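Quick notes on the structure that follows.
The values are calculated or read from the model by the stated rules, or taken from the named source; none is laboratory data. Given the structure is predicted, the values throughout are model-derived calculations rather than measurements. We place every Cβ from the backbone using ideal geometry, glycine too, and count neighbours over all the protein chains shown.
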Amino acid sequence: MDGTSTKPFSRAAGSTQAPLLSVKGVTLEYAAPGRIVRATQNVCFDVWEADRFILLGASGCGKSTLLKAVGGFLAPAEGQILLDGRPVTGPGPDRVVVFQEFDQLPPWKTIRENVAFPVRVSGRLGRKEALERADYYLEKVGLSRFAGAYPNALSGGMKQRVAIARALAMEPRVLLMDEPFAALDALTRRKMQEELLALWEEVRFTLLFVTHSIEEALVVGNRIALLSPHPGRMRAEINSHEWDLQSGGSPEFQSAATRIHRLLFDEAPIATEIDHA
């Protein structure tokens, strides 16, 4: 047994809970010079409340394009995306994206003001309430003592923690993360994974997370969608809730990673591995 399963993540017996997010037969295309590029084809998956759902695949498989579509920045050529049972037709504060780039923070605003700013602009809260919410989420990511500092005083990892606090301050239905730790050094990346999981344990937000790292997918996610090379198709859906950051050195973990690699890159169709029940 390698700790992975293609069965759905276990939920209460007889539960009638509907998925929070449904991606139904989604094909995505975009214009390139002289041609139309198909990024994904007929992708289907469901994300439930408080899932840590991973989109995993090689570069160019359409996983970031899928994230943009869930964010409402790209309309499907075929299929539909539903949030709370309603079609996604454009961007909204119920879906907030954290990107890979560190320098997303206006340098003239303090860290506290950076976190509060999107909440204020959205009209959800006044200045005082927005700053109070910023303080709350800065405490959650361990940066309270830097609230009055400016972004140029922070390391790359700290800036990503601010970006996460800023996203969570919007209290979105789904937090979208596009390879947020890929540009960090190995030690900082590990620390950020630890902090993200600790934050999830406390806040229990719903996460849709893009990565091309099999190991990161196994430890960060409780469910993983495996996408084939371009155009991205669903190869399998894997349960990974048995793994954590202490699992990496075990033979079982390495066996699971090897199996996922085979599923990702095996040229033969493996649709039988997919279980959307």
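Laid out as a table, the results:
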read-out: Some residue of the range 121-129 being among the aliphatic types (A, V, I, L, M), touching a helix residue (DSSP H, G or I) at 6+ places or on another chain (Cβ under 6 Å), crowded, with 18+ Cβ neighbours inside 10 Å and modelled with pLDDT under 95; value: no
read-out: Any hit, the range 34-51, residues being assigned by TED's automatic domain parsing to the domain that holds Glu216, hydrophobic (A, V, I, L, M, F, W, C) and at pLDDT below 90; value: yes
read-out: Every residue from the range 213-241 that is closer than 24 Å to Gly79 by Cβ and either surrounded by fewer than 19 Cβ atoms within 10 Å (Cβ to Cβ) or among the aromatic types (Phe, Trp, Tyr) (or both); value: Pro229, His230
read-out: Enumerated strands (runs of 3 or more DSSP E) restricted to the range 168-235, each holding at least 1 residues that are among the charged types (D, E, K, R), touching a helix residue (DSSP H, G or I) at 6+ places or on another chain (Cβ under 8 Å) and under 18 Å from Lys68 (Cα atoms); value: 174-178
read-out: Unmet requirement for Lys24, which otherwise passes all of (1) modelled with pLDDT under 90; (2) in contact with a strand residue (DSSP E or B) (Cβ under 8 Å, 6 or more places away or on another chain); value: (1)
